[in-house]
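Novice: Please find one structure pasted underneath; my questions will follow.
Every number in this text was worked out from the coordinates using simple rules, so none of it is lab data. Just so it is clear, the structure is predicted and the values come from calculations on it, not from any experiment. Here the Cβ positions follow ideal geometry from the backbone for every residue, glycine too, while neighbour counts run over all protein chains shown.
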Amino acid sequence: MNIAVSRAVVVVSAGGLLIAVTYGLARYGYGFFVPTFRAEFGLDAAFIGLIATGSYLSYCVAIVAATLLLPRVGARAVAAVAAIVAGVGMAALAVAPNAGILASGVIFAGASTGLASPPVADAVARTVREGVRDRAQTAVNAATAVGVAVAGPVALLVHGQWRIAWAGFAAVAAIALVGVLMALPPAGHREVATSLRPRPVLRPGAGRLLSSALLLGASSSAVWTFGRDVWASDDAIGETSSMTAWIVLGVTGVAGAATGDLVHRWGRESVWVVFMALLGTATGVVVIAPASVVAALTSAAAFGAGFMVLTGVLLVWGTEVYPEAPGAGVGLGFLALTIGSAVGSVLVGVLSSALGVRFAFLTAAVVALLGAAVPWLARRPRGSVAPSRGSLPATPAGRRH
């Protein structure tokens with residue numbers, strides 16, 4: 001194994017750990033513990049949705065900050081701040097004495113995801129060779145599923161002692177901090193730093209990327225925020241089986257690592273249509289058959305695989321639309337995803353309180369099916385060309401920090 005390959009493996013590993021901690025634990029771990037938080041702090045559906053929305057909004061602020069800071073201070077510094085923010089936020093959750101501190105911890109921890117995505121995507125794009133770059137990017141993205149899958153067994157092992165679980169998650173964030181400090185590249189030469197700021201921002205292909213990301217965020221927020229709460233209710237599969245379903249959701253999400261190969265074989269549009277339809281169907285099944293363990297496990301598996309493949313598509317898509325600024329391209333796509341998630345969490349919470357959780361989830365499922373149609377509702381003019389297959393475009397030589 002030569003030095004370049006070894007360095008690429010180290011960067012992918014450290015980046016993957018950071019993504020697992022920030023997304024899988026600090027962000028999506030909240031949804032896993034919603035039934036516990038509801039019982040401990042007396043939360044209703046609307047307040048639960050507002051907490052999730054606050055987390056998503058903090059992500060939006062953080063990803064803009066990360067995109068602006070990346071060319072100035074480098075991937076290592078921005079990624080290190082992401083690990084610190086995740087650790088502090090999860091530590092606050094571990095000691096939260098009331099709903100206010102709980103909400104603050106969730107919101108603060110949620111900012112870590114916005115800080116993590118741009119530097120990790122940029123570091124991978126600039127250290128992994130072109131032929132396998134898209135596979136590396138989607139493998140790192142799939143680490144989210146690993147974090148989600150870990151949250152379930154940990155909760156089972158601590159037997160309801162959720163504060164111990166969150167303290168452990170904060171400790172893992174400290175390990176991720178050490179990893180990025182050792183592996184990710186520091187700030188380097190600045191003569192090409194301006195290329196990390198895409199010009200123009202709104203270019204051919206950007207509209208479809210951003211609208212698709214918005215609809216994915218809005219439609220997926222129902223399961224991420226309220227899915228386990230629905231499964232854990234008295235008239236559904238119950239607490240223990242709901243934990244199992246959430247673990248299945250995380251494990252099957254590892255399928256997102258294959259996104260690069262799927263895009264190469266089927267094309268980006270086809271992958272998007274198939275998996276958005278799958279995600280929408282899975283969201284509907286959650287409330288159509290909440291008391292069926294088989295249906296719950298099947299819908300969890302379909303949702304986990306679908307969501308992670310779709311976010312992998314967004315990652316590849318963003319680097320294709322903005323090939324000269326991969327970190328910014330990923331940041332814009334995931335910013336739109338999170339804005340959709342923020343809006344979706346509020347609406348699902350309000351609809352659940354006003355019209356029932358079944359209506360709210362079925363509405364989210366319809367939004368996903370509409371999202372599946374985006375590639376066909378905004379076709380490119382005849383004769384125009386946009387990359388949709390194969391590996392990502394090569395980024396210009398040189399490190400841009």
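Novice: Length gain on complete extension for the stretch ARG72 to VAL178, per 0.36 nm per residue less the alpha carbon to alpha carbon distance?
Specialist: Computed gain between ARG72 and VAL178 is 36.0 nm.
Novice: How high is the relative contact order of the chain? Use alpha-carbon pairs under 8 Å, at least six apart in sequence, and give a whole percent.
Specialist: Taking the mean separation of contacting Cα pairs over the length of the chain, I get 26 percent.
Novice: Now for a separate question. Starting with the highest mean, order 300-309, 129-138 by the number of other Cβ atoms within 10 Å, averaged over the residues of each peptide.
Specialist: 300-309, 129-138
Novice: Ok, one more. For the Cα atoms of the chain, what angle does the longest principal axis make with the long axis of helix 162-183, in degrees from 0 to 90, nearest 10?
Specialist: Result, in degrees: 0.
Novice: Among 175-182, 206-213, 50-57, how do they line up from the highest to the lowest mean number of other beta-carbon atoms within 10 Å?
Specialist: 50-57, 206-213, 175-182
Novice: Compute the distance in nm between two label points, each set 7 Å from the Cα along the Cα-to-Cβ direction, one at TRP266 and one at GLU130.
Specialist: 2.7
Novice: Would you mind computing, in nm to one decimal, how far apart the modelled labels at ALA291 and ILE101 are, each placed 7 Å from Cα along Cα→Cβ?
Specialist: So the two model labels end up 4.1 nm from each other.
Novice: Within 10 Å of each residue's Cβ, count the other Cβ atoms and sort ASP122, ASP234, ASP229, ASP261 from fewest upward.
Specialist: Ordered by Cβ neighbours within 10 Å, fewest first: ASP234, ASP261, ASP229, ASP122.
Novice: Answer rounded, prolate or oblate for the chain, using the Cα gyration tensor with square roots of eigenvalues a ≥ b ≥ c: rounded when a/c is under 1.5, else prolate when a/b is larger than b/c, else oblate.
Specialist: Judged from the Cα gyration tensor, the chain comes out oblate (a/c at least 1.5, b/c at or above a/b).
Novice: I'd like the FRET efficiency for VAL350 and ASP234, computed as 1/(1 + (r/R0)^6) with the beta carbon distance as r and R0 of 25 Å, rounded to 0.05.
Specialist: 0.65
Novice: Residue by residue through region 50-67, what is 3J(HN,Hα) from phi via Karplus (6.51 cos²θ - 1.76 cosθ + 1.60, θ = phi - 60°)? Round to whole Hz and write x for glycine and proline.
Specialist: 5, 4, 4, 5, x, 5, 5, 5, 5, 4, 4, 4, 5, 6, 5, 4, 5, 5
Novice: Measure nothing but the geometry: give the 0 to 90° angle between the long axis through the Cα atoms of 268-288 and the longest principal axis through the Cα atoms of the chain, rounded to 10°.
Specialist: 10
Novice: Next question. Measure nothing but the geometry: give the 0 to 90° angle between the long axis through the Cα atoms of 75-95 and the longest principal axis through the Cα atoms of the chain, rounded to 10°.
Specialist: Orientation of helix 75-95: about 10 degrees from the principal axis.
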